[in-house]
Amino acid sequence: MITPEVRDQYTATIGIECHVQLKTRTKLFSGADNDAREAAPNTLVNHIDFGLPGALPVLNKEAVRLGAKAAFALGSRPQKFSKFDRKHYFYPDLPMGYQITQFDEPIVLGGQVDIALPDGSKKIIGITRAHLEADAGKSTHPDGSKDYSLVDLNRAGTPLLEIVSEPDMHTSAEAKAYARELYLRMRYADVSDANLYYGNMRFDVNVSVSKTDELGTRTETKNLNSFRSVEKTVDYEINRQIELLEKGETIHQETRGWNDAKQKTFSQRSKEDAHDYRYFPDPDLPPVLLDDAFIDEIAKSMPALPDDYRSLFDEIGLDARAAEDIIAVPDTARRVERVYRAANASHAKRVAFWLLQPQTEDDNTEGEASVQASDEQLIQLSQMVEDNKLSSTAAKEVLAEVLKTGRDPETIAQEKNLLQVSDEGEIIKIVDQVLAANAKAAEDVKNGEMKAIGFLVGQVMKESKGKANPALAQQLIKKQLGL
């Protein structure tokens, strides 16, 4: 176990390669379906994906368009010229014996991602490049068998955008924040579904440690599919590498995996260098040439990105933490913006906090797939609170029903007998009863002990079965006591 004093002698350097599955209907070079989430093994494969002799790839134009959108989401612009290369290696799940990718002329060069850290500080992470490539298949080892493996080629040929960061990160918190921001930008740009569970977005994390300005030997931990696993991998690798160096041992450049159950990395194979892959231009695919008109059209079509919503929510008056919680679900962020544009900041802020809360004990999933309420209904419900027709507690009860059914908020409130009574004549009768029954508390209020007025208001609410307008009740209590 290394001590903090020893740990502080080392500087960790972290870079991340992120594979983003583009949301095209078909694969990068074939007409096979691109959505393999629920498909049986080897059912979404054609002659191109199998690498049959004579099969020629045909580039999916939509993948190029999405790659161009990703460029803008990464603070860059798509390159006018890019080309495809063959990357050679030999695995059972790579039937052609090479992967089609972009080596020296990618679709994106440069860019940056701004991240916010838990302590409130901000940092810029540079983007080296992002390139298009076809994914490999998947090897599985049934029941942990060491005797044989099975190959599923459904994923072979899936269009990927690999985003390569500069080695600008030095802590696990920075790595986690960067991974999350990439995830958000790809979702908001509508480039990918970025579903981490289904592997639509995967992270390869490179870590090295050194006591000097010279970078240490790095390891690459592949195929991480959660922000937490990125964070834990970085922490584990930093500690593991420092422990080895403190013992006088050597760090080997290698590819490692992450064992989530054991919360540790494990060695998989030695890490290849670029020359090991014998890259050369793919002779079956012409270069990709993008003109200014195409690039300008992409730029004009770009939707609002996370930073745009951060500025908007700051304008509305939401604190940074609440804003990030809302931004985590794009449908919610867009709804809050629409409410703000259609109504005002007060309604938008109230709706934002409503939608942040699970509406039932079972409702704790991301997204709003089951939400039936219209923006107008949410504004109407918010206005009922502002008009003191509903208490905040009652409004949440009505909200749950509105979200579930899409029915009219006022109708629901009437059916549930939740509308507040704002009739002075009715409330003053209850106030008089409460004052008579609580003479001591009434006398305390008269003598300036205003805390007691909260008790009296509570009694009015109790007698009215929660239907009295509490603000009006307090006003009438003061009036009846001559204050």
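The values are calculated or read from the model by the stated rules, or taken from the named source; none is laboratory data. From a predicted model like this one, the values you see are computed outputs, not experimental measurements. Ideal geometry is used to build each Cβ from the backbone, glycine not excepted, and the neighbour counts take in all protein chains shown.
Let's see how each residue does on (1) modelled with pLDDT under 95; (2) buried (at least 18 other Cβ atoms within 10 Å of the Cβ); (3) touching an Asp or Glu at 6+ places or on another chain (Cβ under 6 Å):
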| position | (1), (2), (3) |
| --- | --- |
| 175 | no, yes, no |
| 185 | no, yes, no |
| 190 | no, no, no |
| 201 | no, yes, no |
| 212 | yes, no, no |
| 229 | no, yes, no |
| 236 | no, yes, no |
| 239 | no, no, no |
| 253 | yes, no, no |
Residues satisfying the stated conditions in the stretch 299-318, i.e. assigned to a helix (DSSP H, G or I), touching a residue at least 40 places away in the same chain (Cβ under 8 Å) and surrounded by fewer than 19 Cβ atoms within 10 Å (Cβ to Cβ): 299, 301, 307
Whichever residue in the stretch 441-465 is exposed (fewer than 15 other Cβ atoms within 10 Å of the Cβ) and not in a helix (DSSP H, G or I) and, among such residues, is farthest from the chain's Cα centre (by Cα): 447
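Looking at 69, 83, which is the one that is more than 30 Å from residue 273 (Cβ to Cβ) and not hydrophobic (A, V, I, L, M, F, W, C)?
69
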Failed item, numbered, when residue 339 is tested on (1) assigned to a helix (DSSP H, G or I); (2) in the same structural domain as residue 103 (by TED's automatic domain parsing): (2)
Sole exception among (1) closer than 21 Å to residue 99 by Cα; (2) in a loop (DSSP other than H, G, I, E, B) for residue 40, by number: (1)
Selection within the stretch 3-21 - over 29 Å from the mean Cα position of the chain (by Cα) and of a type in the set (Ser, Thr, Tyr): 3, 10
Tabulated pairs, the stretch 216-234, first at positive phi, second crowded, with 17+ Cβ neighbours inside 10 Å and of a type in the set (Gly, Ala, Ser), C-beta under 7 angstrom, 6+ apart or interchain: none
Options 334, 269, 321: the member that is modelled with pLDDT of 95 or more and either part of a loop (DSSP other than H, G, I, E, B) or among the basic types (Lys, Arg) (or both): 334
Some residue of the stretch 107-129 being buried (at least 19 other Cβ atoms within 10 Å of the Cβ) and over 22 Å from the mean Cα position of the chain (by Cα): yes
Matching residues, the stretch 47-58, being buried (at least 17 other Cβ atoms within 10 Å of the Cβ) and either small (Gly, Ala, Ser) or in a loop (DSSP other than H, G, I, E, B) (or both): 57
Condition met for residue 65 (modelled with pLDDT of 95 or more and part of a strand (DSSP E or B)): no
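Report yes if residue 16 is among the aliphatic types (A, V, I, L, M), touching a Phe, Trp or Tyr at 6+ places or on another chain (Cβ under 8 Å), surrounded by fewer than 23 Cβ atoms within 10 Å (Cβ to Cβ) and not in a loop (DSSP other than H, G, I, E, B), otherwise no.
no
Considering only residues that are surrounded by fewer than 19 Cβ atoms within 10 Å (Cβ to Cβ) and either acidic (Asp, Glu) or not assigned by TED's automatic domain parsing to the domain that holds residue 34 (or both), which ones fall in the stretch 147-161?
147
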Breaking point among (1) within 21 Å of residue 105 (Cα to Cα); (2) in contact with an Asp or Glu (Cβ under 8 Å, 6 or more places away or on another chain), for residue 296: (2)
Residue that is surrounded by the fewest Cβ atoms within 10 Å (Cβ to Cβ) [pool: residues in the stretch 68-85 that are of a type in the set (S, T, N, Q) and assigned to a loop (DSSP other than H, G, I, E, B)]: 76
Selection within the stretch 395-431 - part of a helix (DSSP H, G or I), at pLDDT 85 or above and of a type outside the set (A, V, I, L, M, F, W, C): 396, 397, 401, 404, 405, 409, 410, 411, 414, 415
